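Let me begin by presenting the structure, written as structure tokens, before commenting on it.
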Amino acid sequence: MFNFDFYNPTRIIFGKDRLKDIDKYVPHDAIVLITYGGGSAKKSGLLDKVKTMLGKRKIYEFGGIEPNPRFETLIKAADIVRSKNIDFILAVGGGSVIDGTKFISLASYYKGDAMDLLKFGFGRITGEIVKKVVPFGSVLTLPASGSEMNSGAVISSEHGKFPVRSDLTFPVFSVLDPTLTYTLPEIQVANGIIDAFVHTTEQYMTYPVDARIQDRFAEGILLTLIEIGKSAVTESDNYDVRANLVWSATLALNGLIGTGVPQDWTTHMIGHELTAMFGIDHGQTLAIIYPSLLTVRREQKRAKLLQYAERVWNINQGSEDEKIESAIIKTREFFESLGVKTRLSGFGIKADKIPDLVNQLESHGLTALSETQDITPEISRKILENAI
Ligand code: NZQ
Ligand code: ZN
């Protein structure tokens with residue numbers, strides 16, 4: 001097990017009828033900006049409920065944060081923060097709204113050019129760089145990204161998606177009420193399950209470092225997602241199933257299972273380029289890339305693939321290669337059982353597009369990926385070709 005720090009100050013407020021707790025954790029004299037997306041929170045009546053819970057506080061609203069939130073949208077909200085002296089932001093939505101709110105929190109009082117905040121890559125933006133941030137909370141409506149309990153964000157600009165990380169952008173609190181997910185379209189639930197699944201494997205499907213508890217935590221999340229996946233998609237108001245999905249997706253990327261272990265993230269980096277170039281939903285890009293990556297990297301991931309085959313898919317028969325092959329097939333079949341396509345051709349993308357995707361990876365400096373930093377653009381090309 002590698003040395004590690006674990007820090008996560010976010011208060012989780014979980015369950016039915018917990019919205020009223022917002023009143024406890026938003027300062028009573030706060031001037032609040034509510035941020036939301038394209039309208040689902042308004043349509044479901046959630047926005048009105050949230051405003052009611054905020055009582056007599058002065059409230060402003062900023063809607064229109066699109067999926068894969070864009071820099072130019074978020075900068076407009078930062079203007080409102082400054083002009084209205086906002087001192088608390090409440091994000092109501094999925095990962096795009098919460099990520100966007102993290103960027104607004106960082107950019108509003110940043111002295112430099114806010115575009116520079118997209119240039120830190122995986123480096124953390126410290127209090128030296130951003131002297132003042134705006135505290136924020138969230139009301140989660142889509143279990144997927146884990147943004148509700150981590151400090152990371154992914155912001156879109158021009159032809160790319162850029163990670164933004166800072167210990168200053170953990171939500172103060174997040175309300176996780178599974179009933180708020182009942183209005184989700186099936187495809188968004190499926191996206192969420194696959195995102196949480198691949199978040200877990202990015203921190204698990206690497207090589208052994210005798211991190212037994214982290215491995216079992218990760219296997220616990222994978223087993224739970226496989227167990228509830230289908231019913232989570234088809235039974236929109238099954239409270240227990242949605243509750244398990246919500247908490248699994250949060251635990252998959254709040255830093256806990258990633259402590260002291262090697263991490264991959266190649267599937268995500270290639271996936272982001274597919275979203276930036278073709279607008280494919282985040283979760284669906286992962287369903288395309290992950291099975292192909294396992295095939296191309298099976299030797300590098302051999303030990304963990306065998307552990308995964310036995311412990312997650314209960315595959316105990318056959319040779320090692322047969323077990324590995326069967327585990328990869330089961331993974332793809334699981335994604336497809338949720339109604340998601342797992343091949344580029346399923347989105348009408350042909351091999352002639354692969355050179356552009358590889359060029360984009362290179363232009364974003366993503367030339368030494370994976371837990372061993374040896375996935376070159378040439379190997380990324382192979383993974384994409386194998387995903388046709
Ligand atoms: O915008 P509205 O109208 O709210 O509609 C949204 C959006 O169209 C809709 N939706 C959300 N909750 C709903 C609902 N519709 C009906 N009922 C509800 N309860 O769903 C659509 C997708 O929402 P979005 O927030 O984009 O989805 P998700 O939560 O999957 O977030 C995706 C974003 O998270 C980033 C991705 O890159 C992407 O930009 N990620 C953030 C991460 C992090 N912070 O650690 C890690 C992830 O790997 C990921 O990169
Ligand atoms: Zn993800």
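The values are calculated or read from the model by the stated rules, or taken from the named source; none is laboratory data. Bear in mind the structure is a predicted one, so any value in this text is a computation, not a measurement. Neighbour counts are summed over all protein chains in view; Cβ atoms, including those assigned to glycine, are modelled from backbone coordinates with ideal geometry. Please note that ligands, DNA and RNA were not included when accessible areas were found on the heavy atoms of the full protein model with its side chains. Shrake-Rupley method; radii C 1.70, N 1.55, O 1.52, S 1.80 Å.
If the condition is being within 16 Å of ligand 2 (Cβ to nearest atom) and in a loop (DSSP other than H, G, I, E, B), then the stretch 110-162 contributes F122, L142, P143, A144, S145, G146, N150, S151. Looking at the stretch 6-22, is at least one residue over 26 Å from H282 (Cβ atoms), in contact with a Gly (Cβ under 9 Å, 6 or more places away or on another chain), among the aromatic types (F, W, Y) and surrounded by fewer than 15 Cβ atoms within 10 Å (Cβ to Cβ)? No, because not a single residue in the stretch 6-22 is over 26 Å from H282 (Cβ atoms), in contact with a Gly (Cβ under 9 Å, 6 or more places away or on another chain), among the aromatic types (F, W, Y) and surrounded by fewer than 15 Cβ atoms within 10 Å (Cβ to Cβ). Note on the stretch 333-360: among residues that are polar (S, T, N, Q) and assigned to a helix (DSSP H, G or I), the one that is most open to solvent (accessible area, probe 1.4 Å) is N359. In this structure, does G121 turn out to be modelled with pLDDT under 95 and closer than 20 Å to Q284 by Cβ? No. The single residue among I59, I80 that is away from ligand 1 (no atom under 16 Å from the Cβ), closer than 15 Å to S105 by Cα, more than 25 Å from the chain's Cα centre (by Cα) and of a type in the set (V, I, T) turns out to be I80. Within the stretch 195-208, which residues are more than 10 Å from ligand 1 (Cβ to nearest atom) and either surrounded by fewer than 24 Cβ atoms within 10 Å (Cβ to Cβ) or of a type in the set (A, V, I, L, M) (or both)? Scanning the stretch 195-208 gives M205, T206, Y207, P208.
Within the stretch 80-109, the set of residues being assigned to a helix (DSSP H, G or I), more than 16 Å from ligand 2 (Cβ to nearest atom) and either touching a strand residue (DSSP E or B) at 6+ places or on another chain (Cβ under 9 Å) or not basic (K, R) (or both) comprises I80, V81, S83, T101, F103, I104, S105, L106, A107. With respect to the conditions (1) within 12 Å of ligand 1 (Cβ to nearest atom); (2) open to solvent by less than 10 Å² (accessible area, probe 1.4 Å), I257 lacks only one, and its number is (1).
Counting only residues that are out of contact with any helix residue (DSSP H, G or I) (no Cβ under 6 Å at 6 or more places or on another chain) and either within 16 Å of ligand 1 (Cβ to nearest atom) or not in a helix (DSSP H, G or I) (or both), the stretch 209-220 holds 3 of them. With L223, L180 as the choices, which residue is surrounded by fewer than 18 Cβ atoms within 10 Å (Cβ to Cβ) and of a type in the set (A, V, I, L, M)? The unique qualifying residue is L223.
Here D264, D281 are screened, and the one residue that is farther than 22 Å from R70 by Cα, in contact (Cβ under 8 Å) with a residue 40 or more places away in the chain and within 14 Å of ligand 2 (Cβ to nearest atom) is D264.
Does the stretch 233-254 contain at least one residue that is within 12 Å of T201 (Cβ to Cβ) and not aromatic (F, W, Y)? Explain how you work it out, then say what you get.
First, pick out the residues of the stretch 233-254 that are within 12 Å of T201 (Cβ to Cβ): 252-253.
Restricting the remaining residues to those that are not aromatic (F, W, Y) gives 252-253.
Within the stretch 233-254 (the criterion being within 12 Å of T201 (Cβ to Cβ) and not aromatic (F, W, Y)), the answer is yes, since at least one residue qualifies.
Do you know which of the residues in the stretch 361-383 that are assigned to a helix (DSSP H, G or I) and open to solvent by 30 Å² or more (accessible area, probe 1.4 Å) is farthest from L294 (Cα to Cα)? Spell out the reasoning first.
Restricting attention to the stretch 361-383, the residues satisfying the condition of being assigned to a helix (DSSP H, G or I) are 361-363, 377-383.
Subset that is open to solvent by 30 Å² or more (accessible area, probe 1.4 Å): 362-363, 378-379, 381-382.
Numbers: E362: 22, S363: 25, E378: 16, I379: 12, R381: 14, K382: 12 Å.
Looking at residues that are assigned to a helix (DSSP H, G or I) and open to solvent by 30 Å² or more (accessible area, probe 1.4 Å), I get S363.
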